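Here is the structure we will look at.
The values are calculated or read from the model by the stated rules, or taken from the named source; none is laboratory data. Bear in mind the structure is a predicted one, so any value in this text is a computation, not a measurement. Cβ atoms come from the backbone with ideal geometry, glycine included; neighbour counts cover every protein chain shown. Just the protein is used for accessible areas: all its heavy atoms, side chains included, with ligands, DNA and RNA removed. Shrake-Rupley method; radii C 1.70, N 1.55, O 1.52, S 1.80 Å.
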Amino acid sequence: MFNFLKGFTDHHKKAIAKLYVASNFSVYDLETELQSFYKKTSQNELTFKRITNGFTVDVDIQNITKKEIITTTRLQLLQNETIIYVVAEHIEIDLSSYQETKKEANFDMRKQTFFKHLQHYLLRLQDDHLYALKNLEQLPFVTSIDLEIQNFIFHVLQEEEYILSILGVSEVNIDTEKYPKLATWHFVLTSDRVFLLVKDAERNFFVVNVSSKNFSIQERTGKDLISSEKISFYTEFMNDTVYTQLLPVVTAKGNRLGVFGDVLANKYHKKEQHLQLASHLFQLQSITSDLLINELKADLIPYLKRLKVVHEQKEAILKVFAKHIPIHKSFGFNLVQVVTDWQLPLSEQRKLLAILQPFQAKGFTTHTISFHEHVHTLFIETEKNAERIFEFNLNFAKHLKNAKRFSDAISIYRMIYASLPDDSITDLLPTKTTNIFNGEGGRQLKVTILEAILEMQQELNEDISEAIHALAELQPLVMTRIEALIIHESQQHKAVIIKEILQAQTLTIENNIPENSYQPIEKKEILQEVVPSCFKEAKGFFDAMNNFIAALNPPDYEAVISFSDRLNTENHPEILQRITAICNALQMEIPECYIGRGTYANAVIGVEGKPSFLIIGNDFLNPKSIRYLEPNALVFLITIELAHMYFEHSKITATDVWRGAADKGFSLVNMLLTVLPFAGNIGTIFGNVSDIEKYGNILQRVEQVANVAEKGKEVKELSEKYNLNPFSKKAATADSSQNLLITSRLMEIVADKVALLFCNDLKAAAKGLLVGTKFYEDYHPLIHQHGIQTFLSQTNAKDEFMHQELIIRLKSLCSFYLSDTFEALKQQLHSS
């Protein structure tokens, strides 16, 4: 090894300096660079003289005529492996004898322009083209160092090794070796190594490889202590936080470039140049490990300034996703890793999820579902708003379904089903144009969710009887629902009966004597089961009706009995016995019963009063009349009126209540405000109506099913047409009789359900409904010729169903008939 310093004084040692080069670099390559430099600065052509392991060249040649001498600076560049020694001598040549006199050059080599030029030239060759050499990004991971230290550090880099950080350290303590006290230390982190660089007072460099060490950081006041086994050092002032940021990069080892990119993404994401550097880091890392994740990071990070998904970049991000999703099945997992590594807040993750929505359809659903699942977990943990949870669950369930993860999707859909707002009020809302036979109106929220569950259960070959039953219960007049139910043994008998009713031209009822004994049943208990659930908590609802009804005039008791025969054990004992049994079960007083003539011959009317009385039209009792009803069908009509009296619905028959109320100009809003406690359930019921509309809109938007909005449009019309919002300043636009429909329907279906329980025969109930209508004589030929459904499906010129109230009541009866509630109450009522 050369020892150029031997014999040199400390002062003149400055004329010697070192250049650090790669092992494959030749000193002779510097000839061209020196020639170029001096040609630009002095316009002189240089003459190089090659010697062993190097060359000499004279520069700055001056002819001093007065002294008859020539002076020059002679440079010697000699290579010893990866070090090139540059030595300068001052040469004087006597022109008379051409004798050379050598002297030590009197300047600091490291300050010479040509030497710095050579250092820059070598650094351009050694540059890893990442960032550390120039640090134009002004990142704090590289401290300011001189050219000599830069040249040394970069010359030790291996192929495809990159400098990530160069930081100053202090108070280094290494147990195994002694190093000069007067030395400069730096901590150097590369993509492959970690080492401490020592530069002593003689400008000698030493490398302490600490790649295998596991460092920890102890926070201290001023400087932090970084330590590992047998090695410790302190940070410098103001760079302690930088070490903390770098610690994950140090420990990563195999994925150091990528982790350093994550550090930039997390901490230095405000400037585009930082994002571009991070992208470059990920691209470099993808060459050696985790190809898919790092390629995704490289493409995505430039569009996430401040780690925000802004509207202007959504199209660019969509293109990134479109590039990766089709070819990467693991895309969803990779994106989860990306947002986790970058610590993206949930709000930004949801924006990415929204951009991914086009890929949730069939085709690439399995590629993206993992990310949706990840965001769903975070969302459910933090979100409190029921509507937002509903919509998010709905989107997730749909994605799971498209990804054919049917079991998971069913689980979410069931959760959605349980969270639906109480939409039972929608059964009271169909307008005259709503086609109930085609599935319009009613509880569309539940229907849509159940249909999704049913479809997936069929894909899994699971038992679908529960879903089929629930759908039939919601839409019992839709023939496809009933036909599907017929297949299942447990509900087959009931389904067949409903189908027979709809297709029947004549309802044949057994003319047997109905049973005359029942078990007592409590009013509160039965009321809770037969009213729509949205009214179940309406305390005092029916009791308050008395105040409203009191202003109406019932039929005159004296006038009725003057032309009516009393029902007794002689003329119709079986009917009287049945009335007695029903009243005993309901624990109510038995009203006086009369056989109606004339105006009341074709009606059954119950009147509360002193005394209460019941009028049974003679046409229902006369076997020769077209209105004749078998005992069980007649009992159904009678029990309806008894139920109205039982629940104190009215002082007179329901039909007359609403006719009379309409005449008096009562609106539904006024009536509801009367019968519902203002501070109690009215807000809940109207709130439900609002929720149903909101959820229906969400369902339509997510599922893209038009019938949710179209078939359930009555919910939306509720506020507009009937003005059901008591807090609205808008005046009601519908007439009073229309406004009374909803509560009229409520009272009718409640009474109908109780009547069905007692007659326990759906065909008898259906016949009672039809025959009990005011204009049955007019309709009978049509029913007899074309059947009940054809009759009920009649529409007028405005496409309004002419018998919508009957359809609604029949639907309610069939639905109740199919329900578990009906079976439980029937078992209780008819048990011996």
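Roughly to the nearest percent, how much of the accessible area of the stretch 353-423 is carbon and sulfur, given a 1.4 Å probe?
Numbers: 1670 of 3090 Å².
Ligands and nucleic acids excluded, carbon and sulfur give 54 percent.
Using a simple charge model, +1 on the beta-carbon of Lys and Arg, -1 on the beta-carbon of Asp and Glu, nothing else, what dipole does the stretch 129-264 show about its Cα centre, in debye to the nearest 20?
Values: 12 positive and 18 negative charges, 36 e Å.
Rounded to the nearest 20 debye, it is 180 debye.
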Alpha carbon centroid spacing (whole Å) that separates the stretch 41-106 from the stretch 210-264
48
How much length is gained if the chain between residue 533 and residue 39 is pulled fully straight, taking 0.36 nm per residue apart and subtracting their Cα-Cα distance, in nm to one decimal?
168.0 nm
Share of accessible surface on carbon and sulfur in the stretch 744-832, whole %, 1.4 Å probe and ligands ignored, is 48
For the stretch 1-144, what % of the accessible area comes from carbon and sulfur atoms, probe 1.4 Å?
47
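Show me 214-221, 67-74 ranked by packing, highest mean number of other Cβ atoms within 10 Å first. Before the final figure, lay out each step's value.
On the way: 214-221: 11.4, 67-74: 16.2.
So the order, starting with the most tightly packed, is 67-74, 214-221.
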For the pair residue 361/residue 80, report the inter-label distance in nm, with labels modelled 7 Å from Cα in the Cβ direction.
7.4
For the pair residue 134/residue 459, report the inter-label distance in nm, with labels modelled 7 Å from Cα in the Cβ direction.
5.5
Regression test value, accessible area per residue of the stretch 42-157, probe 1.4 Å, units Å², expected 53
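Would you mind calculating the gained length between residue 414 and residue 237 on full extension (0.36 nm times residue separation, minus the Cα-Cα distance), in nm to one decimal?
On the way: separation 177, 0.36 × 177 = 63.72 nm, distance 5.91 nm.
My answer for the length gained is 57.8 nm.
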So how much slack lies between residue 480 and residue 96, counting 0.36 nm per residue of separation and subtracting their Cα-Cα distance, in nm?
125.8 nm
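Note down the relative contact order for the stretch 51-128 as a percent, whole number, built from C-alpha pairs under 8 angstrom at least six residues apart. Intermediate results must be reported in sequence, preceding the final value.
Numbers: 109 pairs, mean separation 15.3, N = 78.
Relative contact order, the stretch 51-128: 20 percent.
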What is the distance in Å between the Cα centres of the stretch 577-616 and the stretch 447-513?
35
